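This report concerns only the one structure given below.
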């Protein structure tokens, strides 16, 4: 077992928690500024129901938090499998590259949020994840 493969997963999980806290702070401030109370919300309301009620910028960290609990669900088992099967230095480099790109994507989306650059970061991270997926498939079937 190669524990060093668990470090990028732990780092991305920690970053996800940082984004969750960021989301709570920004959304909470926007709620207060808009005079909204969660106790007065319609039952079953979701974050996306706030579009048009809160400023778009206040929802960007929330949108990113959602992204961090979507695609990375593929990343986590891949690095676990690499850790168990014994990935290469290239695999470890790709895992850290994925984390770095996702952190950059988060920072961009939560602050500046221009779509063209955000999409480029997403596409790049997706390409790295695709390479990792192919490499782990090869490792498990050979």
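Couple of notes before you dig in:
- Enumeration of residues in the range 104-121 that are surrounded by fewer than 18 Cβ atoms within 10 Å (Cβ to Cβ) and touching a residue at least 40 places away in the same chain (Cβ under 8 Å): 111, 113
- Note on the range 38-47: among residues that are within 15 Å of residue 28 (Cα to Cα) and either under 23 Å from the mean Cα position of the chain (by Cα) or part of a loop (DSSP other than H, G, I, E, B) (or both), the one that is modelled with the lowest pLDDT is 47.
- Some residue of the range 53-70 being more than 30 Å from residue 32 (Cα to Cα) and either free of Cβ contacts under 8 Å to residues at least 40 places away in the same chain or touching a strand residue (DSSP E or B) at 6+ places or on another chain (Cβ under 6 Å) (or both): no
- Within the range 76-92, considering residues that are in contact (Cβ under 8 Å) with a residue 60 or more places away in the chain and within 11 Å of residue 9 (Cβ to Cβ), the one surrounded by the most Cβ atoms within 10 Å (Cβ to Cβ): 79
The values are calculated or read from the model by the stated rules, or taken from the named source; none is laboratory data. Since the structure is predicted, the reported quantities are computational estimates derived from the model, not experimental observations. Note: ideal-geometry Cβ built from the backbone for every residue, glycine included; neighbour counts use all protein chains shown.
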